[in-house]
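See below for the structure under consideration.
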Amino acid sequence: MEGNSIMSTTEKQNTDSTTTSSYTYWVREAKQDIAPLPVHKKLTAEDVSVVSASSTHLGSAWNKAGTWEEKNLNKWATERIKELVLSVGSLDFSSGKAEIAEVSRCTGDAFLVTVRNKKRVGYTYEITLKVKGEWLIGEEKKKFKGNLDLAEFSFGELDDLQAEVRLSEEKDLLHQDKQRILQDMKTFLKPIREKLLEFETELKQR
């Protein structure tokens, strides 16, 4: 009985030893299979620029690929052109003074296109302006009204901007007086061109 008891105890010790050895081996192998902890690395300026460049995206959120996308800017462009042209105000001449009273016609299209994550803008417009003023004819000051018709103009072509000038009524004007008034009204073209260049700058920033 004692021999059996001793054998049982020995067998138990061997079993415990084997179990402990097996567990130790399993833990050691398991540790070897675990992925190493991440090592913290400070980003360089180059890394930051790469991340920033990759996160830059133009256009709508749905258009992640940056393929063709066109945005209509007609409403904004029409209102902005009117505001800028009217802000020209009045001009003084050698024998008179006039101002842009109204934008009676402002029609066209303006758009922003995104192609391959690159932005492009453009527009084509025609406008008619009502001008009113007062000129010295002989020894008397007389009031006149006229129109400035700006034919179709587009992005990047304002150097070629042209205007046709018309008087609403001539009031029996002498030819030389009429030509003087029309020539004065044409001087509005320069400040109008400057305002439209301002419009183009704003359009590019949309």
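Largest first, what is the accessible-area ranking of Thr114, Thr124 with a 1.4 Å probe?
Thr124, Thr114
Using the beta-carbon distance between Glu200 and His175 and R0 = 30 Å, what value does 1/(1 + (r/R0)^6) give for FRET efficiency, to the nearest 0.05?
Efficiency at R0 = 30 Å is approximately 0.20.
Relative to the compact globular guide of 2.2 N^0.38 Å, what is the alpha carbon radius of gyration of region 115-183, as a ratio? Write down the numbers at each step before the final one.
Details: Rg = 18.1 Å, N = 69, 2.2 N^0.38 = 11.0 Å.
Here the Cα radius of gyration is 1.65 times the empirical estimate.
In nm, give the distance between the simple-model label positions of Arg120 and Ala101, each being 7 Å from the Cα along the Cα-to-Cβ direction.
4.3
Please work out how much length the chain gains when fully extended from Leu86 to Glu140, using 0.36 nm per residue of separation minus the C-alpha to C-alpha distance, in nm with one decimal.
Working: separation 54, 0.36 × 54 = 19.44 nm, distance 2.83 nm.
Length gained between Leu86 and Glu140: 16.6 nm.
Taking the square root of 5 times each eigenvalue of the Cα gyration tensor, what semi-axes in Å does the equivalent ellipsoid of region 83-206 have, largest first?
Listed largest to smallest, the semi-axes of region 83-206 are 35, 12, 11 Å.
The values are calculated or read from the model by the stated rules, or taken from the named source; none is laboratory data. As the structure is a computational prediction, the values presented were derived from the model and not from experiment. Methodologically, a virtual Cβ is constructed for each residue, glycine included, from the backbone with ideal geometry; neighbour enumeration extends over all protein chains shown. Surface accessibility is based on the protein's heavy atoms, side chains included, excluding ligands, DNA and RNA. Shrake-Rupley method; radii C 1.70, N 1.55, O 1.52, S 1.80 Å.
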